[in-house]
Amino acid sequence: MGADGAPSQSVPWRKVLWERQPFPDNYVDQRFLEELRRNEGIRQYRYWAVVKEAGFVGQQLSCVAVFITLWLYMEQGLLAPEVLLWTSLSCAMLGYGLHQALTSQAESGCETRTHLADLQSAALFLSFTFGFSPVLKTLTESVSTDTVYAMSAVMLLAHLVSFPYGKPSPPGSLSLNAALFASVCLASRLPGALHTFAMLTCALLVFALWPCLLQRLRENAPCQFTGVCVGVCVGGVGGLASQSLGGAVLFSLALVSVTLLCPLLLIWLQRHKDNIQGPWDEAEIHEDLSNFLH
C-alpha cells in the first residue's frame, strides 16, 4: 500500500468510472492539481465604462424623484393638471419622433407595428384612463393617508429593484406594474379627477415610454445617452431641492454612491476575485447537439 492508503503505483490509476480499479472511490493522485485553473474567463472592467452603465441606475432613481416632485407640486396646487397633461403629451410626441428617428432601417423592417397602431393604442389608453379617473380618484378613500404613502414607497422601491437595467425596452412587467400601482395610490390623493388623469398619463410617460427611448439612445447614440442621464439626474436633484433641501442633499449622496463609488468598489473587488476550475467541475458539452433534439 502507498503512503496515502492506496495500492502501490505499480498499478497506475486512471480517471475512469467504467473500469474497476484497486483504489478507493475518492482517490486522486499527485496530478490532480495540475489541471487547476484560476480566474478563467474573468471579465476585466474599466472604471468609466462601469460608471456609464451605472448612470442608467442613477437616471432611473432621478425619474422617480422627478415624478414625486411633480406629484408634490400638484398636491400643493403649484402645478395645474392641464399644464402637466399637455406637457406630457407634447413630450410623448417628441419622444416618439426621436425613437423612430433612432430606429435603423433594418429594425424598421422587422417591426410589424405601424404608426396607426401606435396611435390607436395611445388613444385607447387615454380614453380608458380618462373614463376611469373618477373611480381611481376614490379608490383609496377608505385607506388612511399614511398607509397610502407607505404602499407607494414600497412599490416605488420594488420598481427600482426589479427594473431590467440591462435591457429596459420594454420595461419588466413587475417593475412597470409596481410603478403604476404607486402612481394610482398617489394620484388618488390629488384634489380632482383631472389631476388623477394627468398624473397617470405622466406616470406612463416616465415609467413605460421613457426607458424605451433611453435604450435607443444607449444603442445608437452613446454620447448623447450619457448627457441625457446627467441631465435627468440634475433635474431630479433640482426638483427635490425645490421641495426639501435636505432631501436633495441625501439624494445627491445616493446618486454619487451609485454612479461613482459602487463602480469603484466593483473594480477593487474584482482584483481579489479568485475563481478556480479543475477536474472536479461538472462536465461541459461543447458540441452542437441541436441535430439530436428534433
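The values are calculated or read from the model by the stated rules, or taken from the named source; none is laboratory data. Every value quoted in this text rests on a predicted model; they were computed, and no experiment measured them. Neighbour counts run over all protein chains shown; Cβ positions are idealised from the backbone, glycine included. Note: areas computed on protein heavy atoms with side chains; ligands, DNA, RNA excluded. Shrake-Rupley method; radii C 1.70, N 1.55, O 1.52, S 1.80 Å.
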Exercise. Applying the selection to region 50-79, what residues are part of a loop (DSSP other than H, G, I, E, B) and under 20 Å from GLY246 (Cα atoms)?
Worked result: GLN76
Problem set entry | Conditions (1) in a loop (DSSP other than H, G, I, E, B); (2) at pLDDT 90 or above; (3) aliphatic (A, V, I, L, M); number of the one not met by VAL206 | (1)
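Which of the residues spanning region 164-185 are open to solvent by 10 Å² or more (accessible area, probe 1.4 Å) and closer than 17 Å to GLY236 by Cβ?
Initial filter on region 164-185 (open to solvent by 10 Å² or more (accessible area, probe 1.4 Å)): 164-167, 169-174, 176-177, 180-181, 184.
Within region 164-185, just TYR165 meets the criteria.
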For this session: With respect to LEU190, determine if the residue is assigned to a helix (DSSP H, G or I) and either in contact with a Leu (Cβ under 9 Å, 6 or more places away or on another chain) or in contact (Cβ under 8 Å) with a residue 40 or more places away in the chain (or both).
Result: no
For this session: Being under 14 Å from LEU214 (Cβ atoms) and open to solvent by 60 Å² or more (accessible area, probe 1.4 Å) is the filter; apply it to region 42-55 and report the residue that is farthest from the chain's Cα centre (by Cα).
Result: LYS52
For this session: Would you check which residues across region 25-52 are basic (Lys, Arg) and modelled with pLDDT under 75 and list them?
Result: ARG31
For this session: Examine region 255-276 for a residue that is open to solvent by 30 Å² or more (accessible area, probe 1.4 Å), over 18 Å from the mean Cα position of the chain (by Cα) and aromatic (Phe, Trp, Tyr), and state whether such a residue exists.
Result: yes
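Output the residue which, of all residues in region 56-100 that are open to solvent by less than 20 Å² (accessible area, probe 1.4 Å) and among the aliphatic types (A, V, I, L, M), is farthest from the chain's Cα centre (by Cα).
Here is the first cut: in region 56-100, the ones open to solvent by less than 20 Å² (accessible area, probe 1.4 Å) are 56, 58-60, 62-65, 67, 69, 71, 74, 81, 84, 88, 95.
With the extra rule that they be among the aliphatic types (A, V, I, L, M), the set shrinks to 64-65, 74, 84.
On the way: VAL64: 13, ALA65: 16, MET74: 28, LEU84: 26 Å.
Within region 56-100, the match that is farthest from the chain's Cα centre (by Cα) is MET74.
Can you tell me which residue among ALA178, ALA150 is free of Cβ contacts under 8 Å to residues at least 40 places away in the same chain, within 29 Å of PHE225 (Cα to Cα) and among the hydrophobic types (A, V, I, L, M, F, W, C)? Outline the logic, then answer.
Working: ALA150 fails: within 29 Å of PHE225 (Cα to Cα).
Among ALA178, ALA150, only ALA178 is free of Cβ contacts under 8 Å to residues at least 40 places away in the same chain, within 29 Å of PHE225 (Cα to Cα) and among the hydrophobic types (A, V, I, L, M, F, W, C).
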Exercise. Would you pick out the residues in region 210-243 that are exposed (fewer than 15 other Cβ atoms within 10 Å of the Cβ) and hydroxyl-bearing (Ser, Thr, Tyr)?
Worked result: SER242
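Is it the case that ALA123 is farther than 16 Å from THR196 by Cβ and either surrounded by 11 or more Cβ atoms within 10 Å (Cβ to Cβ) or at pLDDT 90 or above (or both)?
Numbers: farther than 16 Å from THR196 by Cβ: yes; either surrounded by 11 or more Cβ atoms within 10 Å (Cβ to Cβ) or at pLDDT 90 or above (or both): no.
Spelling it out, it is not the case that ALA123 is farther than 16 Å from THR196 by Cβ and either surrounded by 11 or more Cβ atoms within 10 Å (Cβ to Cβ) or at pLDDT 90 or above (or both).
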For this session: For residues that are more than 23 Å from PHE207 (Cβ to Cβ) and either acidic (Asp, Glu) or exposed (fewer than 11 other Cβ atoms within 10 Å of the Cβ) (or both), scanning just region 101-114, find the one that is modelled with the lowest pLDDT.
Result: ALA106
For this session: Check off (1) hydroxyl-bearing (Ser, Thr, Tyr); (2) open to solvent by 30 Å² or more (accessible area, probe 1.4 Å); (3) at pLDDT 90 or above for SER290 and give me the number that stays unchecked.
Result: (3)
